[in-house]
Amino acid sequence: MHQDERTRRMERLRSSIALLLFGLGTLAFLIAIDRPEWFHLRPGSGTAAAMSHASTPATDRNDG
């Protein structure tokens, strides 16, 4: 195998991998924008959830 062929193969492999990664990134983006609930910040513990719940006004709560 000549150096030119080897170089051409490496360039073809790199471009194929780059195109694959671009396609997977686009797919991940399209899936993510359809699921906004993935990006909501949630409390990490029960204590943080209780403090967050206690800090909201009573009119906003769904206490029943």
| Degrees separating the helix 46-55 axis from the principal Cα axis of the chain, which is the longest one | 60 degrees
| note | Carbon plus sulfur, as percent of the 1.4 Å-probe accessible area of the chain, comes to 62 percent
| said: For the chain, what does the helix formula give at 222 nm: sum of -39500 (n - 2.57) over DSSP H segments with n ≥ 4, over the residue count, nearest 500 deg cm²/dmol? | reply: -22000 deg cm²/dmol
| query | Relative to the longest principal axis of the chain, what angle (0 to 90°, nearest 10) does the C-alpha long axis of helix 3-33 take? | reply | 20 degrees
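If you count only protein heavy atoms with a 1.4 Å probe, what accessible area per residue comes out for the chain, rounded to a whole Å²?
The answer is 95 Å² per residue.
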| query | Residue farthest toward the positive end of the dipole of the chain, with Cβ of Lys/Arg at +1 and Asp/Glu at -1: which of Thr7, Ala54, Leu19? | reply | Thr7
| query | Taking the Cα centre of the chain as origin and charging only Cβ (+1 Lys, Arg; -1 Asp, Glu), how large is the dipole, in debye to the nearest 20? | reply | 360 debye
| field | Intensity falloff of the chain expressed as log10 I(q)/I(0), Debye formula with alpha-carbon point scatterers, at q = 0.13, 0.15, 0.16 Å⁻¹ | value | -0.65, -0.72, -0.76
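The values are calculated or read from the model by the stated rules, or taken from the named source; none is laboratory data. Treat the numbers as computed from the prediction; the structure is a model and nothing was measured. As a convention, Cβ positions derive from the backbone with ideal geometry for all residues, glycine included, and neighbour counts pool all protein chains shown. For accessibility, only protein heavy atoms count, side chains too; no ligands or nucleic acids. Shrake-Rupley method; radii C 1.70, N 1.55, O 1.52, S 1.80 Å.
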